[in-house]
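Note sheet for the following structure.
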Amino acid sequence: MPSGKVRFFDEEKGFGFISGEDGQQVYLHASVIPDDATVTTGTRVEYSVADGRRGPQALSVRVLDAPRASRRNRKPADDMAVIVEDLVKLLDGIGGRLKGGQYPERQQSRQVAALLRRVADDFDA
């Protein structure tokens, strides 16, 4: 299986590109990224390739190594306090729906998961 680094990935649009070790640019769609993984620029991945409509497309992506956020890129503590307060309100609303027996829609679930990962990355830096 070829490997490479994520050159670009837009989580909102759901796609990006991988620069393979052989120099090949490969299209990366969010649907082939494992649910428990997050990719950002610089993430090392292993993948298989298929011919897509517009060229090579990644399949069966496996994250090998995700770059860590540096402390310099951290948000100030005051900004993080506001983000965490808003996150608690969001999760409280989701918790209320879960108690009522309803899971959030798939898109909302993915957005919340991505948000939690970003906040976790800021704390883990």
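Residues in the range 93-125 that are hydroxyl-bearing (Ser, Thr, Tyr) and part of a helix (DSSP H, G or I): Ser109 only.
For (1) touching a Phe, Trp or Tyr at 6+ places or on another chain (Cβ under 6 Å); (2) modelled with pLDDT under 90; (3) among the small types (Gly, Ala, Ser), each residue gets a yes or a no:
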site: Met1; (1), (2), (3): no, yes, no
site: His29; (1), (2), (3): yes, no, no
site: Asp36; (1), (2), (3): no, yes, no
site: Glu46; (1), (2), (3): no, no, no
site: Pro56; (1), (2), (3): no, no, no
site: Ala69; (1), (2), (3): no, yes, yes
site: Gly96; (1), (2), (3): no, no, yes
site: Gly101; (1), (2), (3): no, no, yes
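The number of residues in the range 34-51 that are touching a strand residue (DSSP E or B) at 6+ places or on another chain (Cβ under 6 Å) and more than 12 Å from Phe9 (Cβ to Cβ) comes to 6. Taking the conditions (1) surrounded by fewer than 14 Cβ atoms within 10 Å (Cβ to Cβ); (2) modelled with pLDDT of 85 or more in turn, Leu115 satisfies each one other than (1). Of the numbered criteria (1) over 12 Å from the mean Cα position of the chain (by Cα); (2) touching a residue at least 60 places away in the same chain (Cβ under 8 Å); (3) in a helix (DSSP H, G or I), the one Leu90 fails is (2).
All told, Asp22 meets the bar of being modelled with pLDDT under 90, farther than 27 Å from Asp122 by Cβ and not assigned by TED's automatic domain parsing to the domain that holds Ala113. Arg106 meets all of the listed conditions (1) out of contact with any Lys or Arg (no Cβ under 7 Å at 6 or more places or on another chain); (2) surrounded by 14 or more Cβ atoms within 10 Å (Cβ to Cβ); (3) of a type in the set (Lys, Arg) but one, namely (2).
The values are calculated or read from the model by the stated rules, or taken from the named source; none is laboratory data. Everything numeric here is computed off the predicted structure, so don't read it as measured data. Every residue, glycine among them, receives a Cβ derived from its backbone with ideal geometry; neighbour counts consider all protein chains shown.
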